[in-house]
Every structure is written in C-alpha cells, then in structure tokens.
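Written below as structure tokens is the structure these notes are about.
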Amino acid sequence: MIRAPLFDEPAIRHGFFTREGGVSDGIFASMNCSLGSGDDIAKVNENRCIAMAALDARPEQLVTCHQVHGAEVVTVEHPWAHDERPRADAMMTKTKGIVLGILTADCAPVLFADAKAGIVAAAHAGWRGAVTGVIEATIAAMVEAGASRARIAAVVGPCIGKNSYEVGPEFPAPFLAQSPDNAAFFRAAPRESHYLFDLAGYARTRLVAAGVTRIGATGGDTAGEPARFFSYRRMCLTGEKQFGHLLSAICLAP
C-alpha cells in the first residue's frame, strides 16, 4: 500500500492500496476489494482481510458506501452490513476503530484527518462528484463536527492521470461555468476537439478553495500503470471484460 507522510500521526492509520498483494486471479489479478465487481466473493473478502490486517484492524470494522458520483456525506458511528450501506460518496467519523473505505478504478480517493480533533473522513471524487462539491461537503461536515480547516490534512490518492484522461468537446463546460480558471486543468488531446483533463490537480484546487492548506498527493496514473492499478478507462480501451477496484482507507487508531 501507499502511505502519505501527512498522515504520519500515532492516532491515524491509513493506506492507499494498489492491485498488488491480493489473492484474486485471472482477469482480476490480485487485490480487488469490490464485492460488486463480479469477482469471487471469497477472494474479495480475503483481500479485504489483508487490507485490514495492514491497518491492524478487523474486517468487520471496514465500512464502504454505495458510491453514486454525488456529494452526499454520511457520519459513521458504527459499522454496517454491506447490503445496508448508504448511497453516498463520502464518510466522516469520530469513532475510533471504524475504517472508512473508498473504492476506485480511476476516480480520485481523497482521505482527510484532523488528528487533534479526532476526526477522519474519506471521499470518492470522480469528476461528477468533484465538480458537484463532494470535497467541500466533506470538509464542511468535518468542521461541523469540531475539526479545524487549518489542521485538516487531505491527501489525493492514485487516480487517472492527466496524460491518460481524454475527454470529449462537451466535457469542460461545467468546469468552466464554475470558474474560467479551471481551463488550466485542460489541454489539447491528440484527437481533434478533445482534451486531456487533470483530475488530481482539480481536486487539489478544490481543497485549497475550501480553506485546506495541508494537502498531499500520492501520484500514480491508474490508467497508465496496469501492473499497479485497476482502471475502468483502460478496460474500455483494451477490451478487458472486467475490472477490479482499489481500496483507500483511513481510521482513528483504537
């Protein structure tokens, strides 16, 4: 897993897991952590156990949402069953031992922590969620619970890279409507009237605009590094039949 120096606090445990080190095989080839991917459920559960062991947590402490590319944030006070998970794209908790997990396959996972306030959060920031405000909503939920924008550390995890994310001519419109400055996240693609979009850069800018100054990024291009990451975009381009999901997780140490 990838670790971020910003979360190097005794009270915080976290990890951005790659596709390496799991037990799935065949088309999934390793650390797929998505129970809804069509992979062997027993192997996915074993992968989740491996991830939780790396965080010194039990499998039942992991919570994930039914991610819908929106901006809804839920407060987590106790774990829930997988079939009872809420439709949301961000979670926040003050409860020690609960592991907040985000599943991605090109979208940006963003993990947050205010160690002094004892608050952690996690957000799924695809382009729709990011432009809709999932990052700002997550920070607002943390502040309402007692966090300080000045203390919050936020890290953008591995996502599709700016050299891999080709988009169509209509794609920039909602970003430019939000701010003309967002043109900086687009550049011309080889195909006429297409663009390359910098999702990670845009996410970092949303963090800055929300008043967060302690910001990090792991780097990594999910579409461009097949040995390390799962990618929905790569599956579409190469004709692969299935794709797995990467897990990014954070918790307060019990």
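The values are calculated or read from the model by the stated rules, or taken from the named source; none is laboratory data. Worth saying up front: this structure is predicted, and the values here are computed from it rather than measured. Every residue, glycine among them, receives a Cβ derived from its backbone with ideal geometry; neighbour counts consider all protein chains shown.
Would you be able to tell me the number of residues in the stretch 225-251 that are surrounded by 17 or more Cβ atoms within 10 Å (Cβ to Cβ) and touching a Gly at 6+ places or on another chain (Cβ under 6 Å)?
Total satisfying the criteria: 4.
If you check LYS43 against the conditions, is it surrounded by fewer than 21 Cβ atoms within 10 Å (Cβ to Cβ), modelled with pLDDT under 95 and touching a strand residue (DSSP E or B) at 6+ places or on another chain (Cβ under 7 Å)?
Working: surrounded by fewer than 21 Cβ atoms within 10 Å (Cβ to Cβ): yes; modelled with pLDDT under 95: yes; touching a strand residue (DSSP E or B) at 6+ places or on another chain (Cβ under 7 Å): yes.
When the stated conditions are applied, LYS43 passes them.
Is one or more of the residues making up the stretch 206-214 of a type in the set (Gly, Ala, Ser) and assigned to a helix (DSSP H, G or I)?
Checked the stretch 206-214: at least one residue is of a type in the set (Gly, Ala, Ser) and assigned to a helix (DSSP H, G or I).
Could you tell me which residue of the stretch 57-74 is surrounded by the fewest Cβ atoms within 10 Å (Cβ to Cβ), considering only residues that are touching a helix residue (DSSP H, G or I) at 6+ places or on another chain (Cβ under 8 Å) and within 15 Å of SER34 (Cα to Cα)? Can you show your working first?
Residues of the stretch 57-74 touching a helix residue (DSSP H, G or I) at 6+ places or on another chain (Cβ under 8 Å): 58-59, 61-62, 64, 69-73.
Among the residues that remain, those that are also within 15 Å of SER34 (Cα to Cα) are: 59, 62, 64.
Details: PRO59: 15, LEU62: 22, THR64: 24.
That would be PRO59.
What residue, among those in the stretch 209-254 that are among the hydroxyl-bearing types (Ser, Thr, Tyr) and under 15 Å from ILE160 (Cβ atoms), is modelled with the lowest pLDDT?
Within the stretch 209-254, the subset among the hydroxyl-bearing types (Ser, Thr, Tyr) is 213, 218, 222, 231-232, 238, 248.
From what's left, under 15 Å from ILE160 (Cβ atoms): 218, 222, 231-232, 238, 248.
Numbers: THR218: 98, THR222: 97, SER231: 94, TYR232: 93, THR238: 85, SER248: 98.
The selected residue is THR238.
Determine, yes or no, whether MET1 is in contact with a helix residue (DSSP H, G or I) (Cβ under 9 Å, 6 or more places away or on another chain) and crowded, with 21+ Cβ neighbours inside 10 Å.
It is false that MET1 is in contact with a helix residue (DSSP H, G or I) (Cβ under 9 Å, 6 or more places away or on another chain) and crowded, with 21+ Cβ neighbours inside 10 Å.
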